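Visitor: I am attaching a structure below and will ask some questions about it afterwards.
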Amino acid sequence: MIKSVTRWTIIILAAVISMFPFVWLVSTSLKGAEEIFSFPPTFIPGTIVWENYSGVWNAIPFALYLFNSGIVAVLSVGMNVILASLAGFALARYRFRHKQLLFLIVLATMMVPKEIIMIPLFTTILKMHLSDSLLGVVLPFAVEGMGIFLMRQAFLGIPKEIEEAGIMDGASPLRLWWSVMLPMTKPALATLAIFTFIGSWGDFLWPLIVLKSPEHFTVQVGLSYMLGTFVDNYRYVAAGAVLAVVPVLIVFIFMQRHFERGLFAGSEK
Amino acid sequence: MRQYTPYFFLAPALALLCFFVIVPMGQVFYYSLLQYSFFTEHRYVGIDNYLRLAGDPNFWWTLLNSILLTFVTPVLMFVSLILALAVRNLFRTAGVVRLIFFLPVITPIVIVGIMWRWIFTEETGVLNYVLSLLSIDRIRWLTEYPVNIISTMILTIWRGMGYYMMLFLAGLAIIPKEVEEASVLDGINYRQQIWHIILPMLKPTLLFILVVSSTSAIKIFTELYILIPGAPVSNKSLVSFLYVQAFERFNFGYGSAIGMVLFIITLTFSYVNVRLLERGERT
């Protein structure tokens with residue numbers, strides 16, 4: 001066993017390193033114009049300046065960026081959850097021709113990195129007249145192989161008796177899916193929802209390609225745009241970045257349990 | 001009617017996957033054989049784009065940088081394994097602890113980039129200040145190549161370490177107590193125990209991390225876009241090169257050829273992974 005002093009030193013050091021950039025970001029967002037360039041840098045702001053937050057809120061349409069990101073996240077979560085659980089249900093609970101082949105196709109789509117297909121996706125979105133729109137950001141990733149896989153696993157775990165009871169009651173397939181089976185997969189649904197939320201809230205490359213006019217920017221594209229235009233005003237960028245982390249933090253704190261299960265989902269081979 | 005039910009359930013998802021993943025994958029290959037830009041007619045040019053890539057120094061530089069970035073993997077494994085061994089059995093991973101180590105990995109990359117760009121700032125940044133206390137000269141974290149690749153690696157290690165630590169903890173939790181206790185009775189020291197008992201049993205976790213970490217490192221883009229926006233593309237990654245060619249110069253054909261190269265690299269990673277897993281099962 002490692003000595004407990006060594007262990008605690010490692011842990012505390014790692015925790016400090018892990019947290020420092022966040023603390024530094026918050027500290028920067030509360031500093032005045034001169035103080036952010038002071039050398040040596042100050043850890044706790046000499047005077048706390050809340051104006052950076054009102055500044056970022058008023059000087060740029062930051063509220064609009066947050067709102068756009070909210071729309072993208074809600075649409076992504078809704079579509080992914082519904083489409084993946086429909087497909088996962090069919091793959092788990094029905095026997096049909098070409099089932100293995102179709103499942104293999106779903107798995108194969110997981111091997112294609114998003115970065116590689118950006119060009120054809122962009123030309124497709126252009127042809128659909130969806131460029132520079134939030135729908136254009138959401139639609140290509142409205143369902144993903146990983147989500148279908150996750151929901152299939154969840155539906156596989158439901159005992160046959162429950163399904164049979166539903167069929168005996170004369171439920172139609174859609175009803176069976178919605179009111180009997182779907183409630184049994186709540187933990188997996190929650191995991192899928194959280195991961196889709198965190199993914200779409202933080203997504204950058206695709207929205208950067210699709211969105212052209214500032215009033216359509218998501219918060220990540222907006223922050224990067226601010227970084228380009230407010231180079232000398234890092235305090236505003238810092239305040240904006242703090243505001244943009246808050247939703248992720250809230251989701252994480254309230255749904256921690258589901259989050260952790262999701263992280264390990266991929267590692268259980 | 002009944003036998004069609006599963007197809008109705010599958011249809012929307014499969015249609016979207018076909019339209020937005022499978023067909024585009026074919027298109028990338030097809031585009032890579034075209035001279036295709038926003039402003040000109042497309043024309044079939046065979047493997048010209050690939051030949052042009054082979055002679056383009058920016059391609060070789062960005063390929064080199066992307067491969068260099070995958071070298072974070074062993075470092076990340078080492079750091080997060082040490083951390084997991086330290087945390088192990090010490091306390092139940094309480095909410096606060098989880099928050100501390102998970103926050104970096106769930107924070108959007110753009111925001112991570114913003115935080116670190118400020119820390120790396122050369123004249124007034126806090127990192128160079130700390131180094132100056134240790135009487136180390138200012139390091140040009142952002143403006144000097146290849147230092148900026150190292151900066152990106154530092155960011156990646158910082159972001160991944162807590163996540164991989166948690167994966168290692170999960171792997172460690174399933175090692176039977178008896179195995180370790182028996183090895184202690186056999187009189188081997190801690191280092192031998194790690195090397196001969198713990199590491200072999202962590203093989204699935206190690207392989208998983210190997211693949212996840214290297215496939216995400218080879219696709220790095222956003223970190224560089226935020227950290228060093230003004231730097232020439234030859235100092236950045238393969239995806240940065242793809243982005244510049246396709247979405248700043250609108251060379252879709254040439255960009256697609258870069259995409260194909262990236263696809264072959266990621267496929268190779270997956271293949272190696274599967275082979276390693278198979279070998280692991282046989283022994």
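The values are calculated or read from the model by the stated rules, or taken from the named source; none is laboratory data. Here the structure is a predicted model, which is why all the values come from computation and not from measurement. Positions of Cβ are generated from backbone atoms using ideal geometry, with glycine treated the same way; all protein chains shown enter the neighbour counts.
Visitor: Inspect segment B:107-121 for any residue being more than 9 Å from chain A (Cβ to nearest Cβ), touching a residue at least 12 places away in the same chain (Cβ under 8 Å) and assigned to a helix (DSSP H, G or I) and give the result as yes or no.
Guide: Checking segment B:107-121: at least one residue is more than 9 Å from chain A (Cβ to nearest Cβ), touching a residue at least 12 places away in the same chain (Cβ under 8 Å) and assigned to a helix (DSSP H, G or I).
Visitor: Then there's this: Which members of segment A:1-51 meet the condition of being within 10 Å of chain B (Cβ to nearest Cβ), touching a residue at least 12 places away in the same chain (Cβ under 8 Å) and surrounded by fewer than 12 Cβ atoms within 10 Å (Cβ to Cβ)?
Guide: A:Phe43
Visitor: With respect to B:Phe241, determine if the residue is more than 8 Å from every other protein chain (Cβ to nearest Cβ) and on the phi > 0 side of the Ramachandran plot.
Guide: No, not satisfied.
Visitor: Please verify whether segment A:152-163 includes one or more residues that are under 22 Å from B:Gln3 (Cα atoms), hydrophobic (A, V, I, L, M, F, W, C) and facing another protein chain (nearest Cβ under 9 Å).
Guide: No; the residues of segment A:152-163 include none that is under 22 Å from B:Gln3 (Cα atoms), hydrophobic (A, V, I, L, M, F, W, C) and facing another protein chain (nearest Cβ under 9 Å).
Visitor: Suppose the filter is farther than 22 Å from B:Val75 by Cα and at the interface with chain A (Cβ under 10 Å from one of its Cβ atoms); does B:Gly253 pass it?
Guide: Spelling it out, B:Gly253 is indeed farther than 22 Å from B:Val75 by Cα and at the interface with chain A (Cβ under 10 Å from one of its Cβ atoms).
For (1) modelled with pLDDT of 90 or more; (2) closer than 30 Å to A:Glu215 by Cβ; (3) touching an Asp or Glu at 6+ places or on another chain (Cβ under 8 Å), each residue gets a yes or a no:
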{"residue": "A:Met19", "(1), (2), (3)": "yes, no, no"}
{"residue": "A:Val26", "(1), (2), (3)": "yes, yes, no"}
{"residue": "A:Ser38", "(1), (2), (3)": "no, no, no"}
{"residue": "A:Pro45", "(1), (2), (3)": "no, no, yes"}
{"residue": "A:Asn68", "(1), (2), (3)": "yes, yes, no"}
{"residue": "A:Leu75", "(1), (2), (3)": "yes, yes, no"}
{"residue": "A:Ser85", "(1), (2), (3)": "yes, no, no"}
{"residue": "A:Tyr94", "(1), (2), (3)": "yes, no, no"}
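Visitor: Between a first residue in segment A:87-98 that is under 8 Å from B:Phe9 (Cβ atoms) and within 7 Å of chain B (Cβ to nearest Cβ) and a second residue that is among the aromatic types (Phe, Trp, Tyr) and not in a helix (DSSP H, G or I), which pairs have beta carbons less than 8 Å apart while being 6 or more apart in sequence or on different chains?
Guide: Partner pairs satisfying both residue conditions: A:Ala90/A:Phe96.
Visitor: Something else about it: Which is buried (at least 21 other Cβ atoms within 10 Å of the Cβ) and either in contact (Cβ under 8 Å) with a residue 12 or more places away in the chain or touching a Lys or Arg at 6+ places or on another chain (Cβ under 6 Å) (or both), of B:Leu262, B:Leu276?
Guide: Testing whether each residue is buried (at least 21 other Cβ atoms within 10 Å of the Cβ) and either in contact (Cβ under 8 Å) with a residue 12 or more places away in the chain or touching a Lys or Arg at 6+ places or on another chain (Cβ under 6 Å) (or both) leaves just B:Leu262.
Visitor: Also, I was wondering about something else. Where residues in segment B:43-79 are small (Gly, Ala, Ser) and modelled with pLDDT of 95 or more, which of them is surrounded by the fewest Cβ atoms within 10 Å (Cβ to Cβ)?
Guide: Filtering segment B:43-79 for residues that are small (Gly, Ala, Ser) and modelled with pLDDT of 95 or more, the one surrounded by the fewest Cβ atoms within 10 Å (Cβ to Cβ) comes out as B:Gly55.
Visitor: Considering only residues that are free of Cβ contacts under 8 Å to residues at least 12 places away in the same chain and part of a loop (DSSP other than H, G, I, E, B), which ones fall in segment A:102-124?
Guide: If the condition is that a residue be free of Cβ contacts under 8 Å to residues at least 12 places away in the same chain and part of a loop (DSSP other than H, G, I, E, B), then A:Met111, A:Val112, A:Pro113 are the ones that fit.
Visitor: If I filter segment B:80-101 down to residues being of a type outside the set (A, V, I, L, M) and buried (at least 20 other Cβ atoms within 10 Å of the Cβ), which single residue comes out as modelled with the highest pLDDT?
Guide: The qualifying residue modelled with the highest pLDDT is B:Ser80.
Visitor: Might you let me know whether segment B:58-73 holds any residue that is without any contact (Cβ under 8 Å) to a residue 24 or more places away in the chain and over 19 Å from B:Phe241 (Cβ atoms)?
Guide: No, every residue in segment B:58-73 fails to be without any contact (Cβ under 8 Å) to a residue 24 or more places away in the chain and over 19 Å from B:Phe241 (Cβ atoms).
Visitor: Quick one: in segment B:218-237, which of the residues that are at the interface with another protein chain (Cβ under 9 Å from one of its Cβ atoms) and of a type outside the set (Val, Ile, Thr) is nearest to the chain's Cα centre (by Cα)?
Guide: Checking each candidate, the answer is B:Lys219.
Visitor: Which residues, taken from segment B:181-193, are at the interface with chain A (Cβ under 10 Å from one of its Cβ atoms) and in contact with a helix residue (DSSP H, G or I) (Cβ under 8 Å, 6 or more places away or on another chain)?
Guide: Matches in segment B:181-193: B:Val184, B:Gln193.
Visitor: Being facing chain B (nearest Cβ under 7 Å), more than 25 Å from B:Phe241 (Cα to Cα) and either modelled with pLDDT of 95 or more or not in a helix (DSSP H, G or I) (or both), is that true of even one residue in segment A:125-142?
Guide: yes
Visitor: With A:Val137, A:Val81 as the choices, which residue is surrounded by fewer than 21 Cβ atoms within 10 Å (Cβ to Cβ), in the same structural domain as A:Lys186 (by TED's automatic domain parsing) and β-branched (Val, Ile, Thr)?
Guide: A:Val81
Visitor: OK, next. For segment B:179-228, enumerate the residues that are without any contact (Cβ under 8 Å) to a residue 24 or more places away in the chain and among the acidic types (Asp, Glu).
Guide: Matches in segment B:179-228: B:Glu180, B:Glu181, B:Asp186.
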